[in-house]
1. Could you please report the charge total around residue 193, scoring K, R as +1 and D, E as -1 over all other residues with beta-carbon less than 14 angstrom from its beta-carbon?
2. What length, rounded to one decimal in nm, is gained on full extension from residue 49 through to residue 219, with 0.36 nm per residue of separation minus their alpha-carbon distance?
3. What ranking of 118, 183 emerges when the number of other C-beta atoms within 10 Å of each C-beta is taken as an exposure proxy, fewest first?
4. Once both labels are modelled 7 Å past Cα along the beta-carbon direction, what's the residue 88-residue 239 spacing in nm?
5. Net charge near residue 212: determine it from the other residues with C-beta under 9 Å of the C-beta of residue 212, scoring Lys and Arg +1 and Asp and Glu -1.
6. As a footprinting exposure proxy, order 45, 121 by other Cβ within 10 Å, with the fewest listed first.
7. Rank the residues 116, 57, 228 as a footprinting-exposure proxy: fewest other Cβ atoms within 10 Å of their Cβ go first.
Amino acid sequence: MDINKRPIEIVVISDVHLGTYGSRAKELHTYLRSIKPDILVLNGDIIDIWQFKKYYWPKPHMKVVKYIIGLAAKGTHVFYITGNHDETLRKFAGIRMGNLEIVNKLELNISGKKAWIFHGDVFDVIMQHSKWLAKIGAIGYDFLILLNVMINFFSRLIGKGKVSLSKKIKDNVKTAVKYINNFEDTAALLAMRKGYDFVICGHIHHPDIRIVDDQKGNSVQYLNSGDWVENLSSLEYNNGEWKIYRYRDDKSIITEPDSNDELATSITDLNNKEIFKQMVKDFQA
């Protein structure tokens with residue numbers, strides 16, 4: 001498929017969760033093929049090592065990895081920032097292979113302004129003190145995404161639109177809304193104290209760009225790249241301006257069939273139920 005590639009100075013992607021049922025690897029691969037970034041920042045949780053399963057590593061997931069390596073080989077500077085789901089890679093921080101570098105955090109000078117980029121799990125109290133609880137939550141989230149896939153599959157069969165269960169929960173549960181707000185404010189205020197102009201995170205699956213001010217007249221631009229499970233979003237920087245890219249809103253590329261629709265079709269096929277049985281076993285384990 002021939003696609004006119006958009007030149008972009010910097011692209012930030014996070015929370016792809018390759019190796020899980022909810023990961024939208026096919027859509028991400030289509031997006032990556034549509035752009036030509038000078039710098040690609042992978043801001044954590046790209047490969048979900050927490051929930052990695054030997055039997056579940058579809059071709060689209062491998063295609064994403066191969067394509068990113070190919071971008072690096074062709075001159076794109078790729079920074080892989082470690083997150084909590086791929087924290088195993090933190091022991092390799094500092095390793096550089098050509099244009100691909102693994103780091104725990106990143107500082108960039110962008111048009112004369114300082115950017116501080118990190119995944120963001122350092123602000124997560126549960127991650128810091130109850131990692132076992134966070135892992136249980138991750139399994140529950142993956143199962144919720146699976147349930148959502150099934151609901152949307154049957155919803156479309158009867159002529160209704162898609163819904164996002166996790167988004168509805170986040171939007172309606174006060175503690176979830178408060179957590180997101182606290183996360184954003186904490187990251188922004190810390191970046192202000194350190195003298196940064198931008199602070200860029202992932203982790204909370206909530207794409208956002210906003211200016212945060214303190215009571216002393218200081219300000220910083222807080223940015224979050226969202227995720228490639230539900231929001232299918234990234235951050236793009238061009239000509240001195242940041243913007244949130246949303247795959248579903250992009251009319252310039254030829255989108256491929258919804259990867260979650262394919263998953264739903266697979267697990268509802270009476271002759272192909274093994275993957276669903278294994279999913280249930282994983283959740284019950």
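1. Neighbour charge sum, excluding residue 193 itself: -1.
2. Working: separation 170, 0.36 × 170 = 61.20 nm, distance 3.59 nm.
My answer for the length gained is 57.6 nm.
3. Sorted ascending by nearby Cβ count, the order is 183, 118.
4. Placing both labels 7 Å along Cα→Cβ, they lie 4.4 nm apart.
5. -3
6. Details: 45 31, 121 21.
Ranked by crowding around the Cβ, least crowded first: 121, 45.
7. Sorted ascending by nearby Cβ count, the order is 57, 116, 228.
Each reported figure results from applying straightforward, stated rules to the coordinates on display, with no laboratory input. In this text the structure is predicted, and so the values were computed from the model without any measurement. Counting neighbours? That spans all protein chains shown, and the Cβs are built from the backbone with ideal geometry, glycine included.
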